[in-house]
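See below for the structure under consideration.
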Amino acid sequence: MATVTELIGQSVWDSNGIWVGHVVDIRAHRHRGEIQQSQTVYGLVVSGRRAPVLLGLTRDRQGRSPWLSKTLARTVYAGCTFVPWACVTDWTGGEVHLDVLKKELNRA
């Protein structure tokens, strides 16, 4: 599994070799109730324009989102695409390759 710092900024390509954008954020589930809290990546947020790194923009350390952060995130995330982790086939070499077409992906 790639680390968050390895994924942020990588180019994303669909199954036909069409450029989707750059990874700007990671979506993860937090597993509570374990001795060490772990997280599982369930998707990537991809932007066609070079947006600022969005990691941690919308959540504090407890995972809560203040209203100002939610409003700011809606503005910054406008036009971004959500890529489910199940669609990722390869994430090495500075690029993320998908097994779906760009037009099949949903907006974030």
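A search for C-beta distances below 7 Å between a residue of segment 5-32 that is within 20 Å of LEU101 (Cα to Cα) and any residue that is at pLDDT 85 or above and acidic (Asp, Glu), counting only pairs 6+ apart in sequence or on different chains, returns GLN10/GLU95; SER11/GLU95; TRP13/GLU95; SER15/ASP99; VAL20/ASP14. Cβ-Cβ distances below 7 Å connect the following pairs, each with a first residue in segment 74-100 that is under 16 Å from ARG27 (Cα atoms), a second residue that is part of a loop (DSSP other than H, G, I, E, B) and of a type in the set (D, E, K, R), and a separation of six or more residues or different chains: CYS87/ASP99.
Taking the criterion of being closer than 16 Å to GLN10 by Cα, part of a helix (DSSP H, G or I) and touching a helix residue (DSSP H, G or I) at 6+ places or on another chain (Cβ under 9 Å), the only residue of segment 77-108 that qualifies is CYS87.
The values are calculated or read from the model by the stated rules, or taken from the named source; none is laboratory data. Only a predicted model underlies this, so the values are computations on that prediction, with no experimental measurement involved. As a convention, Cβ positions derive from the backbone with ideal geometry for all residues, glycine included, and neighbour counts pool all protein chains shown.
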